[in-house]
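The values are calculated or read from the model by the stated rules, or taken from the named source; none is laboratory data. Source: prediction; values computed, not measured. Virtual Cβ from ideal backbone geometry, glycine too; neighbours counted across all protein chains shown.
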Amino acid sequence: MKVLVTAVSGPTAVGVIRCLKDDDDVELYGTDIVETSIGKKWCKEVYKVVKHFEMDTYIEQLKEIILKNNIDCIIPTLQEELESVSAMAKEIGKDICVVKNYELKRLLNKQYIYVDMKEKGLEKYVPKYEVCNNFEDFMFDIDNKFKQEENFCLKPVNGHGGKGFCRVTKNKEKYLNNLLNSNNFYYIDDIKQIYRQNFNEVMICELLDGEEFSVDIMRYNNKIISTVSRIRTRVSTGIVIDGKVIYNKDVIKAAQEIVEKFKLEGFLNIQFIVLDNEIKLIDLNPRFCGSQIMSYAAGVNFPLLMLKAIKNEKVDSIEPNWNVEIKRYWEAVFYNDKGDII
């Protein structure tokens, strides 16, 4: 099976490749925005493409690569490309590893997710939030709907990971005390000044300083195949540095309930905050994520399971090996002056 993985120098793609590189039935191809790509170490061929910001050109390049190499399946690893690559895959009749049975546009938008969750009886997992489309709405919500909150957070509606996320406080002393310890912590007056000059749609959310859980889950043929919950004890620029696969029945139940109510098919990653016996969804990624390699270490190879599902092979349920820990370290790929890996 010929598989094309996008952005093969990124942590998500490297994790996916690690899950697939030793399978004799899988032939890996990759794309990247640089010639000296990390992915060349494992892929039969890596093609240089433009950045996804030039989406029309990017899609045409992907299509050419797919048709030239007769690729069977595409594994997109960038959130920003999911809708366009999925539409292209459908157009040319190729399989793709993304969540099925639900409109991607809605799954990639936090406001839509929360609205749909409430309609499906999942309101208990929805945090307090408001979406502001202009500065006037923002000021109104801060002064009224979030009047009692000393601290809150802001995030883009279509964001993912830590992109665009920041914490805000109305307590100046608290802000000054934390000034040197956090680069995404703001005082309310500063945020107002910034947004007054340049406002983009934003979601105001209650600040939940609880324990964060990330859940990898796969549903296939109306059956949950595996659910792996884990904690992230140290994160740098959105990448898990330290973490542990840990069994939490309530978090697992929440993830399975969401997937079942939405009738989602395929793999996805769901992130929760647990605080005072309440579980709140903070993110949903309908694609592989950088830390799913922890599930692989725990005995659940989600990328390979997805390929089996695409080939309509039997996929049995898998119970992970709990209490597996991850400790990330730097590794390197070296090139000579001819562009060859050494």
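Among the residues of the range 203-220, are any among the hydrophobic types (A, V, I, L, M, F, W, C), touching a Phe, Trp or Tyr at 6+ places or on another chain (Cβ under 9 Å) and farther than 24 Å from residue 289 by Cα? Yes.
Take the residues in the range 297-319 that are farther than 17 Å from residue 72 by Cβ and of a type in the set (Asp, Glu), then tell me which one is surrounded by the fewest Cβ atoms within 10 Å (Cβ to Cβ). It comes out as 316.
Looking at 191, 204 in this structure, which one is in a helix (DSSP H, G or I), surrounded by 12 or more Cβ atoms within 10 Å (Cβ to Cβ) and either touching a residue at least 24 places away in the same chain (Cβ under 8 Å) or not assigned by TED's automatic domain parsing to the domain that holds residue 144 (or both)?
Working: 204 fails: in a helix (DSSP H, G or I).
Result of the check over 191, 204: 191.
In the set (1) in contact with a His (Cβ under 9 Å, 6 or more places away or on another chain); (2) at pLDDT 95 or above, residue 281 fails one condition alone, (1).
Considering every residue within the range 207-218, establish whether at least one is farther than 30 Å from residue 261 by Cβ, not assigned by TED's automatic domain parsing to the domain that holds residue 154 and not polar (S, T, N, Q).
Step one: of the range 207-218, the residues farther than 30 Å from residue 261 by Cβ are none.
Among the residues of the range 207-218, not one is farther than 30 Å from residue 261 by Cβ, not assigned by TED's automatic domain parsing to the domain that holds residue 154 and not polar (S, T, N, Q), which makes the answer no.
If the condition is being under 15 Å from residue 194 (Cα atoms), over 28 Å from the mean Cα position of the chain (by Cα) and of a type in the set (Phe, Trp, Tyr), then the range 133-148 contributes only 135.
For every residue, the table says whether it meets (1) under 18 Å from residue 110 (Cβ atoms); (2) at pLDDT below 90; (3) buried (at least 17 other Cβ atoms within 10 Å of the Cβ).
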position: 162; (1), (2), (3): yes, yes, no
position: 221; (1), (2), (3): no, no, no
position: 225; (1), (2), (3): no, no, yes
position: 228; (1), (2), (3): no, no, yes
position: 231; (1), (2), (3): no, no, yes
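Among strands (runs of 3 or more DSSP E) entirely within the range 234-342, having at least 1 residues that are closer than 27 Å to residue 3 by Cβ, of a type in the set (Phe, Trp, Tyr) and not assigned by TED's automatic domain parsing to the domain that holds residue 20 singles out 266-275.
Of all residues in the range 215-235 being among the aliphatic types (A, V, I, L, M) and more than 18 Å from residue 297 (Cα to Cα), which is nearest to the chain's Cα centre (by Cα)? Restricting to residues being among the aliphatic types (A, V, I, L, M) and more than 18 Å from residue 297 (Cα to Cα), the top hit is 235.
Within the range 316-342, residues that are closer than 20 Å to residue 235 by Cβ sit with their Cβ atoms under 6 Å from residues that are at pLDDT below 85 and surrounded by 10 or more Cβ atoms within 10 Å (Cβ to Cβ), at 6+ positions apart or across chains, in these pairs: 328/241.
Based on this model, can you work out whether residue 83 counts as out of contact with any Asp or Glu (no Cβ under 6 Å at 6 or more places or on another chain), assigned to a helix (DSSP H, G or I) and within 13 Å of residue 287 (Cβ to Cβ)?
On the way: out of contact with any Asp or Glu (no Cβ under 6 Å at 6 or more places or on another chain): yes; assigned to a helix (DSSP H, G or I): yes; within 13 Å of residue 287 (Cβ to Cβ): yes.
In short, yes.
Here's a check for you: in the range 115-159, which residue that is among the aromatic types (Phe, Trp, Tyr) and touching a helix residue (DSSP H, G or I) at 6+ places or on another chain (Cβ under 9 Å) is surrounded by the fewest Cβ atoms within 10 Å (Cβ to Cβ)? Spell out how you get there, then give the answer.
Applying the first criterion (among the aromatic types (Phe, Trp, Tyr)) to the range 115-159 yields 125, 129, 135, 138, 140, 146, 152.
Next, only the ones that are touching a helix residue (DSSP H, G or I) at 6+ places or on another chain (Cβ under 9 Å) stay: 125, 129, 135, 138, 152.
Working: 125: 19, 129: 20, 135: 15, 138: 22, 152: 22.
Only one residue fits best here, namely 135.
Without any contact (Cβ under 8 Å) to a residue 40 or more places away in the chain and part of a strand (DSSP E or B), is that true of residue 217? No: the conditions fail for residue 217.
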